[in-house]
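The values are calculated or read from the model by the stated rules, or taken from the named source; none is laboratory data. Note that the structure is predicted; figures quoted are calculated from it, not measured. Cβ: placed from backbone, ideal geometry, glycine included. Neighbour counts: every protein chain shown. Protein only, heavy atoms only, side chains kept; ligands, DNA and RNA dropped before computing areas. Shrake-Rupley method; radii C 1.70, N 1.55, O 1.52, S 1.80 Å.
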Protein chains: 2
Amino acid sequence: MESDGEEIGRENGKAQSSDNSSNDGSICGFDSLHRLLHASLNPQVFQEVNRLILGLNCGRAVEPIYLPEPAKALSSKHDFDLQAFCFNADKELLRESRMVRVGLIQNSIALPTTAPFGDQKRAIFQKLRPIIDAAGAAGVNILCLQEAWTMPFAFCTREKRWCEFAEPVDGESTLFLQDLAKKYNMVIISPILERDVKHGETLWNTAVLIGNHGNVIGKHRKNHIPRVGDFNESTYYMEGNTGHPVFETAYGKIAVNICYGRHHPLNWLAFGLNGAEIVFNPSATVGELSEPMWPIEARNAAIANSYFVGSVNRVGTEIFPNPFTSGDGKPQHADFGHFYGSSHFSAPDASCTPSLSRYKDGLIISDMDLNLCRQLKDKWGFRMTARYELYTELLAKYVKPDFEPQVISDPLLHK
Amino acid sequence: MESDGEEIGRENGKAQSSDNSSNDGSICGFDSLHRLLHASLNPQVFQEVNRLILGLNCGRAVEPIYLPEPAKALSSKHDFDLQAFCFNADKELLRESRMVRVGLIQNSIALPTTAPFGDQKRAIFQKLRPIIDAAGAAGVNILCLQEAWTMPFAFCTREKRWCEFAEPVDGESTLFLQDLAKKYNMVIISPILERDVKHGETLWNTAVLIGNHGNVIGKHRKNHIPRVGDFNESTYYMEGNTGHPVFETAYGKIAVNICYGRHHPLNWLAFGLNGAEIVFNPSATVGELSEPMWPIEARNAAIANSYFVGSVNRVGTEIFPNPFTSGDGKPQHADFGHFYGSSHFSAPDASCTPSLSRYKDGLIISDMDLNLCRQLKDKWGFRMTARYELYTELLAKYVKPDFEPQVISDPLLHK
């Protein structure tokens, strides 16, 4: 075990009191659960808690890894959290290991939401460039950005002017990332608000897949659109029409389950049935609503589907020009709540990495041997024991308006 | 908040060094994660950790509740862990609250596996009676026992003589529980090894549903059979043929997802589609294999399906007369590993209770307002946004031998 990764985690990981601390649903403004426990528990107890919370006895220990100096220097200079780990797998006799290095970037917006839109977008590009450079310097093979990364998450406002941030798949943000993908020989997943000009200016919530040669491999549109809390996204775009594609890249088979899709086990399943080895979940979600669900759903998906999951959530509190209500009877207000970051990886063996900061921009990197996916399929046999025929039949009945649930009533119920 | 429930938890909850502590996959033999953190963290940090680990900011605080003296006296006299909590829901204007009191019992076997089978079974009955009496004294409405509760979990041995423990649905164990169900006006879920005499002595892994008048309402047979670790259950019985029934009882709509079925999100889903408000997961699982997965899967199911989950796992290490190997290249041995107990409840709002001991017999009780299920459906809308049509179509294709996954290959893949 190398100590540098651990150090990297710590040196950038001091709890930030931050402007947001009064509004994030937490009591003491801690930086991450892992760091809070690390600082509060004696080493033996910490090890035991970690065994259960990070899943370190089902899987192997997740080890911090060494990153090259230029990556660490960028993290210090631009003040973003940088952490790096490694998931291991068994050595196989008939297959070489397939180790890939994967990165996730979380960030707050760069300018107030009152700034001119063009300036806001360019400032985010400028902010992201050194973090992407760090990923490049660290030799990341596949990099995923957060949901709608080019803009504030303005869907809480229900104002249509934010639609201006939408871009076609070959728009400004894709051009920006294509250069970097080529430069660093890196696959980049770029989740944006998409403007589909060929279909009458339809908007979608879309992930653009950029190959390691800078080419656009394809896109995936968010399948499940929330109607909860301030997530008024159904005001802006409709359910995606791209199915559940798995993208075969130079570094493995990957898929993208965008944000609210993580609450739908069938969505996770479908990417699994199509052969995904890593599924990314670029998100934007806030503390009061979802923080305790955040690690549960990703880890469950990784376990149930025998693949890796990379979970990305934006950070910070975004203040909008015009106040809005939240449908909870409370007074109008101008922010969406605190996006709690906490980006992390989950593995098919039930282990997971610690999370990035709840407050700071960050890059989390993990090495993962994709062979682990098939090893877990062979070990647990979930695909083979799943009896999909049963569920095909049940769902075919369920989707009909005259569906009758299978209920056995106690005949003595009303005695 | 009443303090008695908390006290109950504590007074029976001292960490047991126990005979099993060297063989349970843990380092320091702690009694439960919740108690370990409670003893190790300062109150403010404990509160924050609880917020994330027990989901106390998505849901409401899970409060300890007061239990009557006779229940507590039985717990002291017979030395079993007793804990009790309450999940709350919003008051509704058009519906009365539907509070039910639910109990889960975990236990080790009562005699060595070398004792005569009849004695072993009777000794378990004797051991369980005061725990069921305590549930009765506490006013429990629905009680669930652990998987194959009448016998040691002998499937690791692959010896057929253990089949003798199998009983028809109207057998000895059902008769034993029918009396108690009637006496305490309690629904009891009794998971047994079933002998189906009418179908040529077929064995099943079955939950018998006993109504609060002592009548048998019906049965459900385990849908998914493991082939992992020492779980050689596929040697003994086949995949269940009872679908995904939901039992409408005097106290709500309940279903049973037996053991390994918890690894299958579709199994959880099917009980949800059929209208379950509480799904029980009677299990037998050991530390090395599954402990970090244990809270993840149940909580994910509760969140994704907007119902309560009651998770039951047996406790202790069972030593068998004849050694067996585990297919891991290691020497033969005579035990299955440590069944780590840790029975607990999960709620649809992402909250959960602390768990029972990892070492001791126990009864965990929770009050739950079943109105919370619909409240969460209204809040999150997972059923409405699930797009089941997509998955019906996908699964119909997947189950065909000529299924082709939806894969988009980078055209520059081999350049």
The stretch B:4-377: antiparallel bridges as % of DSSP beta bridges, rounded to 5, reads 60
Partner shielding of A:261-274, taken as the mean number of other chain Cβ atoms within 10 Å, equals 6
For peptide A:302-310, the mean count of other chain Cβ atoms within 10 Å per residue Cβ is 2
At 20 °C and 1.002 mPa s, the Stokes-Einstein diffusion coefficient in µm²/s for the stretch B:4-377, with hydrodynamic radius from the Kirkwood sum on alpha carbon pairs, is 104
Long-range amide H partners of B:Lys253, meaning residues 5 or more apart or on another chain whose placed amide H is closer than 5 Å, are B:Glu277, B:Ile278
For A:Arg299, the accessible surface traced by a 1.4 Å probe with all protein chains present amounts, in square angstrom to the nearest 10, to 10
Carbon/sulfur accessible area of chain B, % of total, 1.4 Å probe, equals 52
If R0 = 51 Å, then B:Glu63 and A:Glu159, at their Cβ-Cβ distance, give a FRET efficiency to the nearest 0.05 of 0.80
Among B:Pro295, B:Pro68, B:Pro265, the residue with the largest mean-square fluctuation in a Gaussian network model of chain B built from Cα contacts under 10 Å is B:Pro68
Computed about the Cα centre, the charge dipole of chain B from +1 Lys/Arg and -1 Asp/Glu charges at the Cβ has a magnitude in debye, to the nearest 20, of 500
Computed, not fitted: 222 nm per-residue ellipticity of the protein assembly as shown from DSSP H runs ≥ 4 (each -39500 (n - 2.57)), nearest 500, equal to -8500 deg cm²/dmol
Inter-part gap, Cα centre of the stretch A:91-168 to Cα centre of the stretch A:174-239, in whole angstrom, is 11
With every protein chain kept in place and a 1.4 Å probe, chain A has an accessible area per residue in Å² of 35
Projected onto their principal axes, the Cα atoms of the protein assembly as shown stretch, largest extent first, over whole-Å spans of 77, 64, 55
If unit charges are put on Cβ atoms (+1 for Lys and Arg, -1 for Asp and Glu) and the dipole of the stretch B:4-377 is taken about its Cα centre, the option from B:Asn241, B:Trp268, B:Pro295 lying farthest towards the positive end turns out to be B:Asn241
Scalar couplings 3J(HN,Hα) for the stretch A:184-190 by Karplus 6.51 cos²θ - 1.76 cosθ + 1.60 (θ = phi - 60°), nearest whole Hz, x for Gly and Pro, are 9, 6, 10, 6, 10, 9, 10
In a Gaussian network model of chain B with springs linking alpha carbons closer than 10 Å, the residue among B:Val197, B:Val169, B:Val315 that fluctuates most is B:Val197
Listed residues B:Val228, B:Val399, B:Val45; largest mean-square fluctuation, Gaussian network over chain B with Cα springs below 10 Å, found at B:Val399
Note to self: C-alpha centroids of the stretch A:287-329 and the stretch B:267-337 sit apart, in Å, by 28
Extend 7 Å from the Cα of B:Arg95 along its Cα-to-C-beta direction; within the stretch A:324-341, residues with backbone N under 20 Å of that point are A:328
Stretched fully, the stretch from B:Gln126 through B:Tyr388 gains (0.36 nm per residue minus C-alpha distance, one decimal, in nm) 89.6 nm
Per residue of B:398-404, other chain Cβ atoms within 10 Å number on average 3
Heavy-atom accessible surface buried between A and B, both sides counted, 1.4 angstrom probe, nearest 100 Å², is 8900
Largest-first ranking of A:Lys198, B:Lys77, A:Lys121 by accessible area, probe 1.4 Å, whole protein assembly kept, is A:Lys198, B:Lys77, A:Lys121
With label points set 7 Å from each Cα along the Cα-to-Cβ direction at B:Asn42 and A:Lys415, the distance between them in nm comes to 6.1
Once the dipole of the stretch A:223-346 is set up from charges on Cβ (+1 Lys and Arg, -1 Asp and Glu), the residue from the list A:Gln332, A:Asn305, A:Asn257 lying farthest towards its positive end is A:Asn305
